[in-house]
Amino acid sequence: MLRLSKLTDYAVVVLVRLSEESGIQTSGGIAGATGVPEPTVAKVLKIMTTAGLVLSQRGARGGYRLARPLATISIAEVIIAIDGPIALTACVEHSAMVCDSSSLCPVKGRWDPVNSAIQDALSAISLADMRPSHFFPLPAHHLPESEAPRSSTAFVE
């Protein structure tokens, strides 16, 4: 199963939250708004600052803000900042993992196209695409029946 780390998931939540308010936000304020523990928010913000996705401001009025618009930050950038290069297996080019069986592997190098396809797909999805649906209301005909607006017309039998 391909699974992202919990810290990557939190990073997406934190970055989306940074886009919801203009100006500088504190790690405590982000934690309160998202439910992510403050030490985790602080860790994510430090990593995102090092990666150049977030700007920090020191001082009494200090805090954090996005370095670029949300629509220009891809999911792939966030994953790479938190977890390192995207590599499905140890034998993928640029993998940080080492494969003990690489000299005997009959599919050595064959995972690269699969890895590239996944990397391309993740690069095509921006953090703006990850915002909650209330930012992009769907027409009623796209809503599940339980969420579609009810008609105010009463039927009398």
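Among the listed residues V44, V12, V16, V54, identify the single one that is under 21 Å from L122 (Cα atoms) and touching a Pro at 6+ places or on another chain (Cβ under 9 Å). Spell out the reasoning first.
Values: V44 fails: touching a Pro at 6+ places or on another chain (Cβ under 9 Å); V12 fails: touching a Pro at 6+ places or on another chain (Cβ under 9 Å); V54 fails: touching a Pro at 6+ places or on another chain (Cβ under 9 Å).
Sole residue among the options that is under 21 Å from L122 (Cα atoms) and touching a Pro at 6+ places or on another chain (Cβ under 9 Å): V16.
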Conditions (1) touching a Gly at 6+ places or on another chain (Cβ under 8 Å); (2) in contact (Cβ under 8 Å) with a residue 12 or more places away in the chain; (3) surrounded by 14 or more Cβ atoms within 10 Å (Cβ to Cβ) -> L15 fails only (1)
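Please count how many residues of segment 52-74 are of a type outside the set (V, I, T), surrounded by 13 or more Cβ atoms within 10 Å (Cβ to Cβ) and assigned to a strand (DSSP E or B).
Within segment 52-74, residues that are of a type outside the set (V, I, T), surrounded by 13 or more Cβ atoms within 10 Å (Cβ to Cβ) and assigned to a strand (DSSP E or B) number 7.
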The residue that is farthest from A71 (Cα to Cα), considering only those in segment 23-46 that are of a type in the set (A, V, I, L, M) and assigned to a loop (DSSP other than H, G, I, E, B), is V36
Given (1) among the β-branched types (V, I, T); (2) crowded, with 18+ Cβ neighbours inside 10 Å; (3) in a helix (DSSP H, G or I), T49 misses just (2)
Quick count over segment 27-39, residues being within 20 Å of I82 (Cα to Cα) and surrounded by fewer than 18 Cβ atoms within 10 Å (Cβ to Cβ), is 5
Only one of (1) over 17 Å from the mean Cα position of the chain (by Cα); (2) of a type in the set (A, V, I, L, M); (3) at pLDDT 80 or above does not apply to I125, and that is (1)
Per the filter on segment 37-92, residues more than 16 Å from Q25 (Cβ to Cβ) and of a type in the set (S, T, Y) are T50, T72, S74, T89
In segment 2-22, anything of a type in the set (D, E, K, R) and not in a loop (DSSP other than H, G, I, E, B) is listed as K6, D9, R17, E20
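The values are calculated or read from the model by the stated rules, or taken from the named source; none is laboratory data. Predicted model only: the values in this text are computed from it and were never measured. Positions of Cβ are backbone-derived with ideal geometry, glycine not excepted, and every protein chain shown enters the neighbour counts.
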